[in-house]
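Peer 1: Structure incoming, see below.
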Amino acid sequence: MKLTVEAFRAWDNKCITLLGMSGVGKTYLSGLLRRHDWFHYSGDYRIGTRYLDEHILDLIKGQAMQVPFLRDLLRQDWIFIRNNIKVDDLGPVLSFVGKLGNPELGGLGLEEFNRRQALYRQAEIAAMHDVPAFKRKAQAIYGYRHLVNDVGGSLCELEEPAVIDLLARESLILYIQVPPEDEIKLIQRAQADPKPLYYRPAFLAAAVKDFLAERHLEYVAEIDPDDFTRWVFPRLFHSRVPRYEAIAGPQGYTLSSTEVARVRDERDFLDLVEQAIARKGGAG
């Protein structure tokens with residue numbers, strides 16, 4: 001959605017999609033706005049509670065069934081298992097996605113990893129298609145005036161133009177860009193605590209091939225999952241930047257993570273959005 005500054009100010013029921021890598025401030029902004037009459041729509045929360053819920057539970061039950069005591073209780077329906085996914089704690093979703101590598105180190109084989117990657121992609125697409133419905137729900141059911149769409153960092157990897165077109169129609173897209181001076185810090189934070197990630201199939205295939213060659217390994221089963229995740233993150237980061245820019249260029253506006261870090265309330269945020277619109281020349 002392209003607007004002038006004046007049109008943005010007059011927009012009674014604002015809907016903004018925050019785009020960018022994990023760690024750039026999307027969830028920080030969303031949590032802040034939630035205290036100011038904004039509904040926080042978390043794409044990953046929707047993925048975990050709606051589209052991957054059964055898959056996650058099946059994974060947990062499969063592990064529980066390997067414990068004789070729990071196996072008997074489950075088979076008799078004397079206990080039940082459910083997910084406890086929170087907007088600010090998406091642990092079950094990350095556990096389902098998993099990491100590629102040696103099973104003895106908690107990794108997944110390539111076939112199973114690819115299966116989960118495909119399921120996550122389908123779930124993220126479905127969650128983004130739910131945004132229009134939640135715009136209505138936010139107002140009609142929950143009484144929020146505005147909505148902020150906190151999307152996963154992998155949105156640019158989906159290769160599903162219809163999703164971007166939908167978000168551009170339904171919301172104002174804001175790309176939170178990482179300035180060059182902050183790139184190293186973001187990469188270092190990600191490498192210090194390597195988390196499961198989504199990869200485009202072609203990107204993953206190339207990365208695995210290069211990693212095996214560099215580490216002189218023959219099989220995926222020899223990969224240390226955390227070592228691969230740390231190694232691949234800078235490559236993933238730099239591959240995503242032009243993809244974000246290709247979305248924000250024609251379809252949205254750009255902020256820097258440095259600017260976002262200075263936001264303290266809704267007024268700061270709205271001023272920043274207006275500056276981004278003005279920088280692009282009004283309606284762009």
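Peer 1: Given the -39500 (n - 2.57) contribution per DSSP H run of 4+ residues, what per-residue ellipticity at 222 nm results for the chain, rounded to the nearest 500 deg cm²/dmol?
Peer 2: On the way: 14 runs with 160 residues, N = 284.
Here the helix-only value at 222 nm equals -17000 deg cm²/dmol.
Peer 1: On to the next question. Please identify which residues in region 26-44 have an amide N closer than 13 Å to a label point set 7 Å out from the Cα of Tyr142, following the Cα→Cβ vector.
Peer 2: Hits in region 26-44 for Tyr142 at 13 Å: 30-44.
Peer 1: In addition: Points 7 angstrom from Cα along the Cβ direction at Glu104 and His36: gap in nanometres?
Peer 2: 5.4
Peer 1: Using a Förster distance of 22 Å, how high is the FRET efficiency between Ala10 and Ala278, based on the Cβ-Cβ distance and rounded to 0.05?
Peer 2: Working: r = 15 Å, r/R0 = 0.70.
For R0 = 22 Å, the calculated efficiency reads 0.90.
Peer 1: Starting from the Cα of Arg235, step 7 Å toward the Cβ, then list every residue of region 151-194 with an amide N under 16 Å from that point.
Peer 2: Under 16 Å, as judged by backbone N against the label point of Arg235, lie 191 of region 151-194.
Peer 1: Report the FRET efficiency, 1/(1 + (r/R0)^6), for Glu222 and Leu119, where r is their Cβ-Cβ distance and R0 is 25 Å, rounded to 0.05.
Peer 2: 0.50
Peer 1: Still on this model: Would you mind telling me which residue in Met65, Met21, Met128 has the biggest mean-square fluctuation in a Gaussian network model of the chain, where springs connect alpha carbons within a distance under 10 angstrom?
Peer 2: Of Met65, Met21, Met128, the most mobile in the Gaussian network model is Met65.
Peer 1: Roughly how many nanometres apart are two label points built 7 Å out from the Cα toward the Cβ at Leu59 and Ile81?
Peer 2: Between Leu59 and Ile81, the label points sit 1.1 nm apart.
Peer 1: Right, here's the next one. State which stretch of the chain is the longest one without any exposed chymotrypsin sites (Phe, Trp or Tyr not before Pro), exposure meaning a DSSP loop state and at most 15 other Cβ atoms within 10 Å. It would help to have the intermediate numbers written out before the result.
Peer 2: On the way: sites that count: Trp11, Trp78, Phe80, Tyr142, Tyr219.
Answer - 143-218.
Peer 1: If you restrict to DSSP beta bridges whose two residues both lie in region 5-275, what percentage is antiparallel, to the nearest 5? Write out the running numbers ahead of the final one.
Peer 2: Numbers: 1 of 20 bridges.
Looking only at bridges with both residues in region 5-275, the antiparallel portion is about 5 percent.
Peer 1: Identify which of Gly62, Gly98, Gly153 has the largest mean-square fluctuation in a Gaussian network model of the chain, with springs joining Cα atoms closer than 10 Å.
Peer 2: Highest fluctuation of the listed residues: Gly62.
Peer 1: On a full-extension model of 0.36 nm per residue, what is the gain between Arg264 and Leu74, subtracting their alpha-carbon distance, rounded to one decimal in nm? Display every interim value, and only then the final one.
Peer 2: Values: separation 190, 0.36 × 190 = 68.40 nm, distance 4.81 nm.
Stretched out fully, the Arg264 to Leu74 stretch lengthens by 63.6 nm.
Peer 1: Please compute the alpha carbon radius of gyration of the chain, then divide it by the globular-protein estimate 2.2 N^0.38 Å. Two decimals is fine.
Peer 2: Numbers: Rg = 20.3 Å, N = 284, 2.2 N^0.38 = 18.8 Å.
The value comes to 1.08.
Peer 1: Here's another thing I want to ask about it. Treat the count of other C-beta atoms within 10 Å as a stand-in for reagent exposure and order Glu157, Glu214 from fewest to most. Present the calculation step by step, with values, prior to reporting the outcome.
Peer 2: Details: Glu157 21, Glu214 9.
Ordered by Cβ neighbours within 10 Å, fewest first: Glu214, Glu157.
Read-outs: derived from the displayed coordinates by stated rules, not from any lab. Being a predicted model, the structure only gives us computed values, none of them experimental. Reconstructed Cβ throughout: ideal geometry from the backbone, glycine too, with neighbour counts over all protein chains shown.
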